[in-house]
Amino acid sequence: MIIALVLIWILFGALTDGIFFASRNMSNLFRQMSIIGFLACGMVLVLVTAGIDLSVGAITGFVSVITAYLQAYILAGPIANLFPSLSLQAHAVIISGIAVVAGLMVGTAIGMWHGFAIAYLGIPAFIVTLGGQLIFRGGILGITRGKTIVPIVEPFKAIAQGYLPRTLSWVIAVILIGLIFFMTYHGRSRKKQFGFPLDSIWKDYVKSVVISLLVILYVSVMNDYRGIPIPVLVLIVTAAIIHYISRNTKFGRYVYALGGNREAAKLSGVNILRNTFKVYALMGFLSAISGIVLTGYVAAGTIGGGTNYELDAIASCVIGGVSLSGGSGSIVGALIGATVMASVVNGMSVMNMDVFWQNIIKGIILILAVYMDVATKKRNG
Amino acid sequence: MEHVTKEFPGVVALDDVSLQIRSGEIHGICGENGAGKSTLMKILSGVYPFGEYSGEIRYKGEVLKFEQGAIQHAIEKGISIVYQELALIPTLTVGENIYLGREPMKRGVIDWDTLYSKTKQLLEEFGLDIPYSALVGSLPMGKQQLVEIAKALSNNASVLILDEPTSALSVHEVETLMDILRILRKKHITCLYISHKLEEIFTICDTVTVLRDGRVIDTQPITSMNNDTLIRLMVGRDMKERFPERHSKIGDSILEVEELWVDHPEIQNKVVTKGVSFNLKQGEVLGIAGLMGSGRSELVMSIFGEYGNIRSGSIKIDSKVVTVGSSRVAMKHGISLVPEDRKKQGLILDQSILENIALPNMEMFSSFLRLDKMKELRLCSEYAKSLTVKTPSLHAKVNSLSGGNQQKVVISKWLMKKPVVLILDDPTRGIDVGAKFEIYKIINNLSEQGVAIILISSEMEEVLGMSDRILVMCEGRNMGTVSSKDATQELIMRMATGITDYTEKEE
């Protein structure tokens, strides 16, 4: 699906006379995609267990209004009273911190409830999360009383609207490139230590160089506008962590095993119930991050926040190669899928297309992207 | 078929294979797994259409060229194949399955009367005793197989290919199948019989062709061969002993099961294990024999903590009573189980050999936050190598391995736990002779090291050849335990069918 992404970019670039590629637009594109990106990371693991979570949009919206509510109505007074000596700015930071923590806790709690119902009560995931969607969409209306909740304090907004200063962005780029080459070198030396076959030295280092060049390209485009958007940075860190979990921990292995063949996993000692629970709890946590970023991005808690996000998340994963029957899929793939979806939406708004077209085109792209995948698999296997 | 060669990427499956089949004969095709039998039959039946292989197939004097929709062409020409894995729809009736896609129509709607009367006629003509309106899913495996054969015959097959037809059949059902094949022979329907089971080849076939490594080794009338010569052709070496030598060093009792009563997990009031008691000693191989459905797998799965509800009775390991609530608890007590169905229960087919072997052993190379991949690779390679798993790399997916190698992967993953008690449920089913021998050697090595082994087997000779003692089960009950010195095929069969009990002399 990398090919699909490149093709879509070229298409929109052509259709918009290159405006699509303007650094400001690219910056917006990646910022928009980050919200779905968090959901896609969690959804990969859910889909890998052959499960599904239809409530993530509702959780995102719910956490969004909770954090907004806390900031706008609840926290301002008490914080001012508790820390009278601190400046208003410091108050705002504390308020943001508390709101963030509260939001994460709420999202994780909802995820844990889903995990409990699915794993321990044995209720099908489709139903539990569909019910969850209804429940929490209702909850959103309840908390907002039908009104948009404002205002949002500055530090909180910065999470979603802020940028990393240019120099810092370059620093990060350099660190990243250093990491890439270090990992390649380290990997090779460890392989040598254990007597395992090495890929050709050219292949390894050319790969590193290519990735490094991409990093430099990306940062320069972002810096051309205002620097790396902060939510993108948060997404990269989060995705890296989830990727690591999926490939380099027991938990990750168990999740892919239970999705690949549930019975064999069970007979091999994998605790199906506990690991299923953890997957949905994690999904709740990531939905909360998404909700927090959403609030900062639109600078409000809205009643429609998060609507249909679950479908975007699932579509991103599927475009990115995650199998709906479980057992396979990668974080990287899901993020590329999320970028594809975001690019399509972004491209269409740059072209000033009517909004209703967006959903139509998104649906068509989803079908096409998966078809391309199926077709190449058939040819190769 | 002449000079047929078929290549897959990286592998030559058939190398210049030529053979002749006479009309009306039952022609056996023998060979180890991977010898090319299935591939050859797939070409003949149209699964690989003309163009995907080189060479010629001449049928009734005509050169066959199956192209698009080749399987259908083959069927129209009269060549039908019945697979080992049945292709029936369990929720439809026998008649519906037989005429699937070719239902007789009357004025645009299915003519059920004609369909069922034709089904009845067909079944009677070939002496197949199946109720024509029963749901296929409710029939035992043996009868389901007969439905498949009926389906092929309803297409006026003049060549019927049977691919490992008896691996899921009981002894009685196999005999029924043999009778039907004799009826077919009388009707001049040619049969190609692919099988591992030498007894059956000798019972029913007129001629036998042996394939090895994609080549035809020889074609002979059955009367000119015996077990030894046939095995030698298949394997290329003298199999003087089918079973490797054993030096039993039997120690103390390590596992004691007393009066175990287990209920069926779903069906109420169904008792699956009825008051079974036995003990198992270190270094001993306890074979468990019995007919299909006698409750052997259920017994060991209960001991492993993954089946049913234990109503009463006790399990003692090393003289301490234990409650085994799940596979994890069993593993902690040193029990490992190699399950009956390696594809459904033993392996995650889409994953690599490495990942499969590592799965129950993750604790050995990972802490909460880290998975030491180098250690994982090193340890798993050791085990894979010591069990001679044939593979270019440990990262290959297990579904690319042959049955024997897959089974070795399952055994490796459990051996890594260094079990005190190792349970193997039909470990050599569907595996070629050479790989079987390797697994027998592994079992003997383990028992010499003091591991207590329970070996469930459906092959009489295997149970007799590998066990120190044999426990025979019939319908959930322990009919007695016989030492291998005193055991005979007849005695075991009598116990397995419930005719006799056997009480061992107290030591």
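Readers should treat all values here as calculations from the given coordinates under stated rules, not as data from a laboratory. Quick caveat: nothing in here was measured; it's all calculated off a predicted structure. Because the Cβ atoms are built from the backbone with ideal geometry, glycine has one as well, and the counts that use them run over all protein chains shown.
Computed values, structure above
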| item | result |
| --- | --- |
| Extension reserve of the A:Ile216-A:Val332 stretch, reckoned as 0.36 nm per residue once the Cα distance is removed | 39.9 nm |
| Likely footprinting exposure, A:Tyr254, A:Tyr244, A:Tyr73, A:Tyr163, fewest C-beta neighbours within 10 Å first | A:Tyr73, A:Tyr244, A:Tyr163, A:Tyr254 |
| Relative contact order, percent, chain A [alpha-carbon distance under 8 Å, six or more residues apart] | 37 percent |
| If the convex hull is drawn through the Cα atoms of the range B:2-235, its volume per residue in Å³ | 131 Å³ |
| Amide H within-cut-off set for B:Ile454, under 5 Å, with H built and near neighbours excluded | B:Leu286, B:Leu422, B:Ile423, B:Leu424 |
| J(HN,Hα) series, the range A:149-158, from Karplus relation 6.51 cos²θ - 1.76 cosθ + 1.60, nearest Hz, glycine and proline x | 9, 9, x, 10, 5, 4, x, 5, 4, 4 |
| Rounded D (µm²/s) - the range B:345-418, Kirkwood Rh over Cα pairs, Stokes-Einstein at 10 °C, 1.306 mPa s | 131 µm²/s |
| Nearest 10 degrees, 0 to 90: helix B:141-154 Cα axis against chain B principal axis | 10 degrees |
| Under-5 Å amide H pairs with B:Gly28, H placed in peptide plane, nonlocal only | B:Tyr193, B:Asp206, B:Thr207, B:Val208, B:Thr209 |
| For the range A:50-174, alpha-carbon Rg relative to the globular expectation (2.2 N^0.38 Å, N residues) | 1.31 |
| Estimated D of the protein assembly as shown in µm² per second, where Rh is the Kirkwood radius over Cα pairs and Stokes-Einstein applies at 25 °C, 0.890 mPa s | 77 µm²/s |
| Computed P(r) (all Cα pairs; chain A; 10 Å bins; percent) | 5, 21, 30, 27, 13, 3, 0 |
| Two-site label geometry, B:Thr91 and B:His172: point separation in nm, points 7 Å out along Cα→Cβ | 3.1 nm |
| Entries of B:Lys187/B:Lys408; A:Lys250/B:Lys274; A:Lys250/B:Lys390; A:Lys207/B:Lys343; A:Lys250/B:Lys385; B:Lys143/B:Lys281 with Cα pairs more than 32 Å apart | B:Lys187/B:Lys408; A:Lys250/B:Lys274; A:Lys207/B:Lys343; B:Lys143/B:Lys281 |
| Nearby lysines by direct alpha-carbon distance to A:Lys147 (threshold 28 angstrom, same-chain neighbours under 8 apart not counted) | A:Lys157 |
| Inter-label distance, nm, simple model (7 Å from Cα along the C-beta direction), B:Thr388/A:Leu168 | 6.3 nm |
| Computed FRET value (nearest 0.05) for A:Leu273 with B:Arg378, which takes r as the C-beta separation and R₀ as 22 Å | 0.10 |
| Sorted by Cβ neighbour density within 10 Å, fewest at the top, the residues A:Phe285, A:Phe181 | A:Phe181, A:Phe285 |
| Per-residue HN-Hα couplings for the range B:132-137 [Karplus 6.51, -1.76, 1.60; θ = phi - 60°; Hz; x = Gly/Pro] | 6, 10, 7, 6, 4, x |
| R0 of 30 Å, Cβ-Cβ distance B:Arg107-B:Ser400: FRET efficiency to nearest 0.05 | 0.05 |
| Whole-Å semi-axes of chain B's equivalent ellipsoid (Cα gyration tensor) | 41, 28, 23 |
| Inverse of mean 1/r across different Cα pairs in the range B:22-137, Kirkwood, Å | 16.8 Å |
| Helical mean residue ellipticity (222 nm; -39500 (n - 2.57) per DSSP H run of 4+; nearest 500) of chain B | -9500 deg cm²/dmol |
| Nonlocal amide H pairs with B:Thr273, under 5 Å, H built at 1.01 Å | B:Val262 |
| Estimated Rh, the range A:163-228: Kirkwood, alpha-carbon pairs, angstrom | 13.0 Å |
| Spatial separation of Cα centroids for the range A:1-49 and the range B:379-416, in angstrom | 41 Å |
| Karplus 3J(HN,Hα) series, Hz, for the range B:393-402 with 6.51 cos²θ - 1.76 cosθ + 1.60 (x for Gly, Pro) | 7, 6, 8, 5, 6, 5, 6, 8, 8, 6 |
